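One structure is given here, and the rest of the page talks about it.
Derivation of every value follows stated rules applied to the coordinates shown; laboratory data play no part. What you are looking at is a predicted structure, and each value in this text was computed from that prediction instead of being measured. Please note: Cβ atoms are built from the backbone with ideal geometry, for glycine as well, and neighbour counts cover all protein chains shown.
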């Protein structure tokens with residue numbers, strides 16, 4: 001427990017520093033914030049445009065589709081809020097400065113994974129949470145069990161997202177490549193802005209269970225709508241945990257391959 | 001001329017030095033295409049026609065937009081902002097070459113690689129996905145599409161340079177570029193043809209330079225523009241290009257006066 005609290009304190013200190021750095025330039029922060037909001041708004045406009053000519057998409061109504069997009073935005077934003085440091089990992093590897101993370105008496109994964117939280121994403125969170133509550137309330141009768149499933153699967157989605165980010169870090173060590181890898185991850189994950197049921201087979205199954213984007217991004221919303229059985233919820237959690245463990249193993253493997261070549 | 005050819009050669013070698021990075025760059029472009037392609041394929045399922053587009057026309061638009069996008073918007077000019085901010089621009093100013101020529105040569109190298117690989121990727125994807133494609137048979141329309149493509153490319157080059165030149169006056173060069181990415185993602189028509197938008201939004205898109213990056217060349221190719229609309233598009237595009245060129249010249253000369261090589 002004391003170890004856990006120690007890491008929480010370290011994380012808090014790193015986060016405060018990161019927030020201070022990000023907010024040094026108010027202009028920069030303001031423009032980024034506006035950009036993030038517009039990106040959200042533009043895809044929403046696109047969704048509503050598509051629904052202006054069609055009643056349903058793969059059986060989903062416009063409200064349900066917006067809810068899927070909001071749930072996606074929520075998971076995506078929380079992941080970006082915590083894991084922004086991953087985007088800066090390449091320079092640590094190329095310069096050899098990763099050595100400094102390794103010699104400190106703490107887990108290096110914590111430093112490179114959550115060592116640079118992004119306050120701009122924190123600014124977007126209240127908007128998404130309010131929109132999720134509002135749109136969720138317009139979905140019709142939602143049972144408390146489904147609400148609980150929704151939260152459990154949101155956390156499961158975050159665990160899978162953590163796994164993906166660890167995988168990118170591992171690739172960063174093995175191949176000194178992070179920039180394209182993280183953007184590929186984001187492009188692939190963006191398929192989860194709409195439910196996987198919309199896509200054709202075999203893409204649907206692949207994106208749901210092999211690359212678990214569906215479980216990560218669309219299952220929480222499906223659970224709230226009562227479209228997932230309890231067994232599927234349990235299976236999703238098991239899949240999320242298995243994926244996370246495999247990603248951790250990939251990280252440990254990569255760490256053993258690190259040669260500190262540039263330092 | 002020899003200098004600029006060497007810059008093109010050097011840039012290509014730079015790309016191929018980091019092979020994993022290069023491969024992932026190409027994978028990323030294919031993934032970007034597939035994400036949009038599969039989304040539209042799914043949306044169009046069960047519809048003979050949507051927003052005035054048949055499945056063939058829409059999938060042609062999406063597939064070809066993946067070729068047009070890196071060709072027009074593939075650039076190295078984003079590095080200029082960082083060169084100014086770090087003071088490293090000085091190293092280029094003292095060299096016996098025009099800086100604009102240097103930037104253009106780097107972009108040509110980027111686009112050459114993009115064209116070579118994009119063509120082969122699209123052929124592979126075509127064989128794998130077998131979409132119904134609309135093939136333009138009119139030589140005149142193909143020629144006009146090419147002209148529109150070059151116009152979009154020049155327009156984007158000056159647009160991107162102008163954003164980088166903000167570095168002369170502010171160290172915050174990434175935030176305006178991020179904002180331009182967000183606008184470009186929506187208003188270039190990379191994700192969808194702009195004419196599916198509501199009339200007011202479509203009107204807004206027409207008044208922006210982004211309209212000429214991807215959407216306009218593709219609409220010309222698809223033969224969905226009347227002669228009058230095409231003429232109007234080319235005229236406005238030329239005005240935008242001339243305007244951005246003039247702005248780039250002014251920003252460069254004023255920027256150099258403000259430049260202090262701070263950081264060097």
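When the expected Rg is taken as 2.2 N^0.38 Å, what fraction or multiple of it is the alpha-carbon Rg of region A:216-263?
1.80
Could you pull out which residues in region B:43-58 have an amide N less than 18 Å from a spot 7 Å beyond the Cα of residue B:229, following the Cα-Cβ vector?
The answer is B:49-58, whose backbone nitrogens lie closer than 18 Å to the label point.
Provide the three semi-axes, in whole Å and in decreasing order, of the ellipsoid equivalent to region A:42-183 as defined by the square roots of 5 times the Cα gyration tensor eigenvalues.
Taking √(5λ) for each eigenvalue gives 36, 17, 13 Å, largest first.
I'm checking a number: the convex hull volume of the Cα atoms of region A:177-231, normalised per residue, in Å³. What is it?
94
Over all residues in B:126-133, what is the mean tally of Cβ atoms on other chains that come within 10 Å of each residue's Cβ?
0
Does anyone have the angle between helix B:139-165 and the longest principal axis of chain B? Alpha-carbon axes, 0 to 90°, nearest 10?
Approximately 40 degrees, to the nearest 10.
Between the helical axis of B:2-17 and the dominant principal axis of chain B, each derived from Cα atoms, what acute angle in degrees is found, rounded to the nearest 10?
With both axes taken from Cα atoms, the answer is about 70 degrees.
Go ahead and set up a Gaussian network model of chain A, Cα springs under 10 Å, then flag whichever of A:250, A:221, A:79 fluctuates most.
Per the Cα network of chain A with a 10 Å cutoff, A:250 tops the list.
Please identify, among B:181, B:102, B:213, the residue showing maximal mean-square fluctuation in a Gaussian network model of chain B using a 10 angstrom Cα cutoff.
B:181
Taking springs between alpha-carbon atoms closer than 10 angstrom, which of A:111, A:26, A:186 fluctuates most in the Gaussian network model of chain A?
A:26
Decide, for region A:2-52, between rounded, prolate and oblate: order the square roots of the alpha carbon gyration tensor eigenvalues as a ≥ b ≥ c, take rounded if a/c falls under 1.5, and otherwise choose prolate if a/b is larger than b/c, else oblate.
Here region A:2-52 falls in the oblate category.
List B:97, A:13 from most exposed to least, where exposure is judged by having the fewest other Cβ atoms within 10 Å.
Lowest to highest Cβ neighbour count: A:13, B:97.
Compute the length gained on full extension between residue B:236 and residue B:262: take 0.36 nm times their separation in residues and subtract their Cα-Cα distance, giving the result in nm to one decimal.
Gain in length upon complete extension: 5.5 nm.
Relative contact order of region B:2-258, please, whole-number percent, based on alpha carbon pairs below 8 angstrom and at least 6 residues apart.
Answer for region B:2-258 is 25 percent.
Could you calculate, for region A:150-208, the ratio of the Cα radius of gyration to the Kirkwood radius, expressed as Rg to Rh?
Taking Rh as the inverse mean 1/r over Cα pairs, Rg/Rh reads 1.04.
Add -39500 (n - 2.57) for each DSSP H run of 4 or more in chain B, then divide by its residues: what number comes out at 222 nm, to the nearest 500 deg cm²/dmol?
-25000 deg cm²/dmol
List the pair-distance distribution P(r) of region B:191-264, using every Cα-Cα distance, as the percent of pairs falling in each 5 Å bin from 0 up to the bin containing the longest distance, rounded to whole percents.
Percent of pairs per bin, in order: 3, 13, 18, 20, 12, 9, 8, 7, 6, 3, 1.
How much space per residue, in cubic angstrom, does the convex hull of the C-alpha atoms of region B:7-109 take up?
Each residue corresponds to 131 Å³ of Cα convex hull volume.
With each run of n ≥ 4 DSSP H residues scored as -39500 (n - 2.57), what mean residue ellipticity at 222 nm is computed for chain A after dividing by its residue count and rounding to the nearest 500 deg cm²/dmol?
So the calculated ellipticity at 222 nm is -23500 deg cm²/dmol.
Can you tell me the equivalent ellipsoid semi-axes for chain A? Use √(5λ) from the Cα gyration tensor, largest first, whole Å.
After diagonalising the Cα gyration tensor, the semi-axes are 33, 21, 18 Å.
Could you list A:8, A:86 in order of exposure, starting from the residue whose Cβ has the fewest other Cβ atoms within 10 Å?
A:8, A:86
Give the average, rounded to an integer, of partner chain Cβ atoms located within 10 angstrom of each Cβ in A:142-152.
Counting other chains' Cβ atoms within 10 Å and averaging over A:142-152 gives 0.
Two decimals, Cα atoms only, Kirkwood Rh: what is Rg/Rh over region A:75-135?
Checking Rg against Rh, the ratio lands at 1.16.
Could you give the alpha-carbon Rg of region A:114-263 over 2.2 N^0.38 Å, rounded to two decimals?
1.17
Give the share of C-alpha pairs in each 10 angstrom bin for the protein assembly as shown, from 0 to the last occupied bin, in whole percents, shortest bins first.
With a bin width of 10 Å, the distribution comes to 3, 16, 27, 28, 18, 7, 1, 0.
Please report how far the C-alpha centroid of region B:87-142 lies from that of region A:35-63, rounded to the nearest whole angstrom.
When both Cα centres are located, 32 Å separates them.
Peptide B:23-34: average number of partner chain Cβ atoms within 10 Å per residue?
5
So what is the relative contact order of chain A, in percent, for Cα pairs below 8 Å that sit 6 or more residues apart?
26
How big is the Cα convex hull of region B:4-53 in projection, averaged over all directions, in nm²?
That works out to 5.6 nm², a quarter of the Cα hull's surface.
Percent of alpha carbon pairs in chain B separated by more than 35 Å?
Value for chain B: 19 percent of Cα pairs lie more than 35 Å apart.
Return one number: the angle in degrees, 0 to 90 and rounded to the nearest 10, between the long axis of the Cα atoms of helix A:2-22 and the longest principal axis of the Cα atoms of chain A.
On a 0 to 90 degree scale, this one is about 80.
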